[in-house]
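Below you'll find the structure, written out as structure tokens, and then a few comments.
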Amino acid sequence: MKTTHKKINWFKSIIVGIVGTILFDLVGLIMTGTWWDIPGVLSKAIGVSFPVALLMHYGNGVALAAIYAALHPSMVGPGWFKALAFTTLETVMLVWFLLFPLLGLGIGGFEGGLIYPVLSMIRHWVFAIPLAYSCRAELEPDSDAVGAPA
């Protein structure tokens, strides 16, 4: 039985994560009038300098792109659906149920008002655009895979 392994194309994951985070930030600017609002919140919430928080913000985008690159082959549906499903689940589980409560906004951010859950979902759906666009190219065959030609 031939076993194939795939490995993440890290260069593409880095580019997709950065582009997705830039789109995320542009939507934030359009909807809130504030550029890099998330690094500002992170900086204050965890007591790090703004440049460190900015690196954390973009590093998170890259990490999410790499996780998506690893998961998307096992997901069902077209690329756009996989990207939206991934970002929706990630937003609900990590932002609504973890980050917002830690920031004192309650589950879903509803204690801060309806804008928090709506804006966070819209921004993450925009982050999904480069994920959907690149999902076919995210993985490449691993030449060291069992059963691969030498």
Restricted to segment 72-107, and to residues that are under 23 Å from I30 (Cβ atoms) and touching a His at 6+ places or on another chain (Cβ under 6 Å), which residue is surrounded by the most Cβ atoms within 10 Å (Cβ to Cβ)? T87
Just give me the residues in segment 24-53 being under 25 Å from A69 (Cα atoms) and surrounded by 18 or more Cβ atoms within 10 Å (Cβ to Cβ), in sequence order. F24, D25, G28, I38, P39, A53
Candidates G59, G104, G17, G77 - the one that is under 25 Å from A132 (Cα atoms), at pLDDT below 95 and either touching a helix residue (DSSP H, G or I) at 6+ places or on another chain (Cβ under 6 Å) or of a type in the set (G, A, S) (or both): G77
Residues that are of a type outside the set (F, W, Y), in a helix (DSSP H, G or I) and touching an Asp or Glu at 6+ places or on another chain (Cβ under 6 Å): does segment 53-72 have at least one? yes
Restricting to segment 32-41, give me the number of residues that are touching a Phe, Trp or Tyr at 6+ places or on another chain (Cβ under 9 Å) and part of a helix (DSSP H, G or I). 3
Residue pairs qualifying under the 9 Å Cβ cut-off, at least six apart or on distinct chains, with the first in segment 108-123 being free of Cβ contacts under 8 Å to residues at least 40 places away in the same chain and farther than 20 Å from T21 by Cβ and the second being small (G, A, S) and outside any helix (DSSP H, G or I), are E111/G104; G112/G104; G112/G106
So F110, is it modelled with pLDDT of 95 or more, surrounded by 17 or more Cβ atoms within 10 Å (Cβ to Cβ), of a type outside the set (G, A, S) and under 25 Å from K44 (Cβ atoms): no
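The values are calculated or read from the model by the stated rules, or taken from the named source; none is laboratory data. Keep in mind the model is a prediction, meaning the values are calculated, not measured. Here the Cβ is made from the backbone with ideal geometry for all residues, glycine too, and neighbour counts use every protein chain on show.
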